[in-house]
Amino acid sequence: MQEHSLGQRAVAETIGTALLVLVGPGSVVATLILAGDSKPAITGADLLGISFAFGLIITALVYAIGKVSGCHINPAVTCALAVTKRFPWREVPAYVGAQVVGAVIGAFAIWAVFAHNAIDLGMGQTSFNEDASTWLQAIFSEGIGTFMLMFAILGIVDTRSPSDLAGLVIGGVVIAIIMIVGPITGASLNPARAFGPELVSAIGGGATHWGQLVPVYILPGLVGSGLAVVVYDALATPRVVEAPIKAAVTHPDSGAARGVAAGN
């Protein structure tokens, strides 16, 4: 049986995550450039546009590299699959490493496209306003957002589901989640996506939010995705139902059935 090597799959994850970061956070930078001095800088319509940028690139990537690497492009997804033995632990370092490298490459690509405007406008980083939202709100938002994403992924990749719709379903749920969680935390839903722009912004001398990275954008995502797998397995795994004794041992009279069939 032919299959893609770990090297091929790692490269696919690197490219996929790089494109996700270029288009997703890059759309935030583009929106802020177009907004200029407008207040607010990002309106509800802008948020919808950004959400679609994320959703559409993820849809495209699912169809482009899903057959190569599974299109995880997210350390939280990879780790959750490994925890439940859907993915081998020995390959987790290669996948997560590729995703982080890809996120950094994608962030450098944003810098290349928008020059120093990208640094000045925050590189599309995810952060939350500590004056407007509490830490508990932010942690819960990222956790429940990643839970919903992982829950939808498991549902559509289940062999009992129509796999041809995977890209549309996953991209669609990302749009929906960003519309809800985006105003609170920026809706990272992905530790690599949060890390890449943060690192490149630091390299470029821009603003950073390192203190929020681990408690808000890494740990809640890992916990949320892991919890989604546990809940999905508890709901979707069929259970053995004990039939009443009479129903279990009683069978149709085959002779009578043949007689009826003959009469017809």
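The values are calculated or read from the model by the stated rules, or taken from the named source; none is laboratory data. The structure presented is a predicted model; accordingly, all values stated were derived computationally and were not measured. Virtual Cβ from ideal backbone geometry, glycine too; neighbours counted across all protein chains shown. Remember, those area values only see protein heavy atoms, side chains included, never the ligands or the DNA or RNA. Shrake-Rupley method; radii C 1.70, N 1.55, O 1.52, S 1.80 Å.
Looking only at segment 104-135, count every residue that is within 28 Å of Glu13 (Cα to Cα) and either in a helix (DSSP H, G or I) or not small (Gly, Ala, Ser) (or both) and tell me the total. Lay out the reasoning, then the answer.
The initial filter retains those residues of segment 104-135 that are within 28 Å of Glu13 (Cα to Cα), namely 104-119, 121-128.
Still in the running and either in a helix (DSSP H, G or I) or not small (Gly, Ala, Ser) (or both): 104-114, 116-119, 121, 123, 125-126, 128.
Qualifying residue count for the region: 20.
Could you check Ala192 against (1) over 19 Å from the mean Cα position of the chain (by Cα); (2) under 22 Å from Ile50 (Cα atoms); (3) at pLDDT 95 or above and say which number it fails?
(1)
Just to check your reading of the model, which residue among Arg90, Arg86 is part of a loop (DSSP other than H, G, I, E, B) and either among the β-branched types (Val, Ile, Thr) or open to solvent by 20 Å² or more (accessible area, probe 1.4 Å) (or both)?
Details: Arg90 fails: part of a loop (DSSP other than H, G, I, E, B).
Answer to the selection: Arg86.
Please enumerate the residues belonging to segment 1-38 that are open to solvent by 10 Å² or more (accessible area, probe 1.4 Å) and of a type in the set (Asp, Glu).
Glu3, Asp37
For the subset of segment 39-56 comprising residues that are within 20 Å of Val21 (Cα to Cα) and free of Cβ contacts under 8 Å to residues at least 60 places away in the same chain, which member is least open to solvent (accessible area, probe 1.4 Å)?
Ala53
Sort out which residues of segment 43-78 are part of a helix (DSSP H, G or I), of a type outside the set (A, V, I, L, M) and within 15 Å of the chain's Cα centre (by Cα), and write them in order of number.
Hits for segment 43-78 are Ser51, Phe52, Phe54, Gly55, Thr59, Tyr63, Gly66, Ser69, Pro75, Thr78.
Identify the residue in segment 71-85 that is in contact (Cβ under 8 Å) with a residue 60 or more places away in the chain and of a type outside the set (A, V, I, L, M) and, among all such residues, is farthest from Ala103 (Cα to Cα).
Thr84
Checking Val174 against (1) in contact with a Gly (Cβ under 7 Å, 6 or more places away or on another chain); (2) farther than 26 Å from Ala234 by Cβ, only one condition comes out false. Which one?
Among (1) in contact with a Gly (Cβ under 7 Å, 6 or more places away or on another chain); (2) farther than 26 Å from Ala234 by Cβ, the lone unmet condition for Val174 is (2).
Among the residues of segment 19-42, count how many are of a type in the set (Gly, Ala, Ser) and either part of a helix (DSSP H, G or I) or within 22 Å of the chain's Cα centre (by Cα) (or both). Lay out the reasoning, then the answer.
Here is the first cut: in segment 19-42, the residues of a type in the set (Gly, Ala, Ser) are 24, 26-27, 30, 35-36, 38, 41.
With the extra rule that they be either part of a helix (DSSP H, G or I) or within 22 Å of the chain's Cα centre (by Cα) (or both), the set shrinks to 24, 26-27, 30, 35.
Of the residues in that region, 5 qualify.
For the list (1) touching a Leu at 6+ places or on another chain (Cβ under 9 Å); (2) under 17 Å from Arg193 (Cβ atoms); (3) part of a helix (DSSP H, G or I), I need the number of the one condition that Val96 fails.
(1)
Can you confirm whether segment 242-251 contains a residue that is open to solvent by 60 Å² or more (accessible area, probe 1.4 Å), among the aliphatic types (A, V, I, L, M) and at pLDDT 95 or above?
Checking segment 242-251: not a single residue is open to solvent by 60 Å² or more (accessible area, probe 1.4 Å), among the aliphatic types (A, V, I, L, M) and at pLDDT 95 or above.
Hey, can you tell me all the residues within segment 182-226 that are free of Cβ contacts under 8 Å to residues at least 60 places away in the same chain and either part of a loop (DSSP other than H, G, I, E, B) or surrounded by 24 or more Cβ atoms within 10 Å (Cβ to Cβ) (or both)?
The one that is free of Cβ contacts under 8 Å to residues at least 60 places away in the same chain and either part of a loop (DSSP other than H, G, I, E, B) or surrounded by 24 or more Cβ atoms within 10 Å (Cβ to Cβ) (or both): Thr185.
When the residues of segment 145-167 are filtered to those that are open to solvent by 60 Å² or more (accessible area, probe 1.4 Å) and in a helix (DSSP H, G or I), which remaining residue is modelled with the lowest pLDDT?
Here the residue is Ser163.
Is one or more of the residues making up segment 126-143 farther than 30 Å from Arg86 by Cα, buried (at least 17 other Cβ atoms within 10 Å of the Cβ), at pLDDT 95 or above and of a type in the set (A, V, I, L, M, F, W, C)?
Taking every residue of segment 126-143 in turn, none turns out to be farther than 30 Å from Arg86 by Cα, buried (at least 17 other Cβ atoms within 10 Å of the Cβ), at pLDDT 95 or above and of a type in the set (A, V, I, L, M, F, W, C).
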